[in-house]
Amino acid sequence: MKDVDLFDSSSYRAWKFWQKQLISIGMMLLLCAVVYFFKIPNPNMILISCLVVTTALFGWHEGVSSAAVMFLYSMFFFSTDNTMVQYTPLNLQKLAVVFIGEVLVLIFVGRLKNAHDATVAKLRELNEMLTDDNKILAEASMADQLTGLRNRYALRRDYASYSGRDLNVMMMDADDFKHFNDDYSHDVGDYVLMEIGTNLTKVFGAESCYRYGGDEFLVISTLSLDEFRARIEKLKKLMSDVKLDGKDFPVPISGGFVYGHCQTPSDLRNMIHEADLELYAAKAAGKRRFRSKPFLRMAT
């Protein structure tokens with residue numbers, strides 16, 4: 001069933017319209033009653049003030065209703081013996097002045113109200129655009145421009161979300177990455193990095209992968225240990241099947257990871273450090289391999 005926005009429905013808008021009409025008319029009727037019972041000799045200035053207020057608050061539609069009440073009271077007030085039928089020439093002039101005053105108030109205050117509403121609507125629109133732009137900028141600042149993976153700024157933001165969870169934390173890179181830049185070109189080196197980023201996303205999901213720096217990549221996963229090892233094998237297969245200009249272009253990779261319970265953000269920092277050490281150990285052992293060990297958190 002399609003959701004209906006109550007605040008955008010025609011019935012709600014109609015209810016708000018009549019609510020403002022009743023408030024405007026009620027304010028003017030109340031003020032008319034006050035000036036009548038207190039026998040105020042020249043009530044026009046008081047009533048015109050109420051007309052200005054209702055028009056400024058609600059708009060010229062409500063101002064017209066308020067003006068109608070005011071004009072009817074003025075007919076009563078200026079008519080002979082309050083008959084609303086007979087008027088002296090002087091009182092007819094006064095009634096005409098009231099009418100002209102009401103028209104001028106409605107025109108000028110109504111225009112100011114419309115201009116105010118248009119400005120507020122424009123500011124609201126600009127604010128929404130600014131909010132959207134800020135979200136886009138925030139997302140852009142959290143993403144690596146080359147690979148599209150999350151970057152270290154995003155990692156800093158995400159630290160707390162990993163606390164209290166069982167994690168696999170892996171550091172990995174391309175073996176002899178300098179060789180791709182020196183023997184082929186930096187464009188090829190960028191291509192290799194993009195392929196790593198693409199395949200990491202395929203295997204572990206974009207929410208788990210970060211470009212840590214240079215050709216180093218970080219994966220933080222909540223998968224079971226067996227499933228995580230299986231995903232690493234899948235990643236190695238994908239990297240061995242990389243092609244460049246239609247030709248086989250395998251990219252050898254190495255990595256190290258630790259697995260265990262991450263209780264605090266400090267634990268995650270230690271896990272990343274230990275995973276980095278495992279990566280270096282894999283390099284020292286001949287590359288093209290992944291090493292792992294359990295994480296033993298230090299007692300506090």
Evaluate the following for Tyr212: is it surrounded by 16 or more Cβ atoms within 10 Å (Cβ to Cβ), outside any helix (DSSP H, G or I) and touching a residue at least 12 places away in the same chain (Cβ under 8 Å)?
yes
Assuming Leu57 fulfils every condition listed in (1) modelled with pLDDT under 95; (2) over 22 Å from Trp18 (Cβ atoms) apart from one, which condition is it?
(2)
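On the given criteria, is Glu125 part of a helix (DSSP H, G or I) and more than 23 Å from Arg289 (Cα to Cα)?
Numbers: part of a helix (DSSP H, G or I): yes; more than 23 Å from Arg289 (Cα to Cα): yes.
Yes, satisfied.
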Against the condition at pLDDT 95 or above, surrounded by 12 or more Cβ atoms within 10 Å (Cβ to Cβ) and aliphatic (A, V, I, L, M), how does Val69 come out, does it pass?
yes
Out of curiosity, is Asp245 touching a Pro at 6+ places or on another chain (Cβ under 9 Å), of a type outside the set (S, T, N, Q), farther than 24 Å from Ala154 by Cβ and assigned by TED's automatic domain parsing to the domain that holds Arg156?
no
How many residues, within the range 236-272, are in a strand (DSSP E or B) and surrounded by fewer than 16 Cβ atoms within 10 Å (Cβ to Cβ)?
5
Take Ala174 and decide whether it is in contact with a Leu (Cβ under 9 Å, 6 or more places away or on another chain), surrounded by 14 or more Cβ atoms within 10 Å (Cβ to Cβ) and modelled with pLDDT under 90.
no
Matching residues, the range 273-297, being within 16 Å of Asp215 (Cα to Cα) and surrounded by fewer than 16 Cβ atoms within 10 Å (Cβ to Cβ):
Leu277, Tyr280, Lys287, Arg288
Run down Gly164, Gly189 and say which single residue is out of contact with any Asp or Glu (no Cβ under 7 Å at 6 or more places or on another chain) and within 30 Å of Arg297 (Cβ to Cβ).
Gly164
Given the criteria among the polar types (S, T, N, Q), within 25 Å of Ala285 (Cα to Cα), at pLDDT 95 or above and outside any strand (DSSP E or B), does Asn168 qualify?
no
When Asn114 is run through (1) part of a helix (DSSP H, G or I); (2) under 28 Å from Pro41 (Cβ atoms); (3) in contact with a helix residue (DSSP H, G or I) (Cβ under 9 Å, 6 or more places away or on another chain), the failure sits at (2)
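The values are calculated or read from the model by the stated rules, or taken from the named source; none is laboratory data. These numbers were taken from a predicted model, which means no experiment stands behind them. Because the Cβ atoms are built from the backbone with ideal geometry, glycine has one as well, and the counts that use them run over all protein chains shown.
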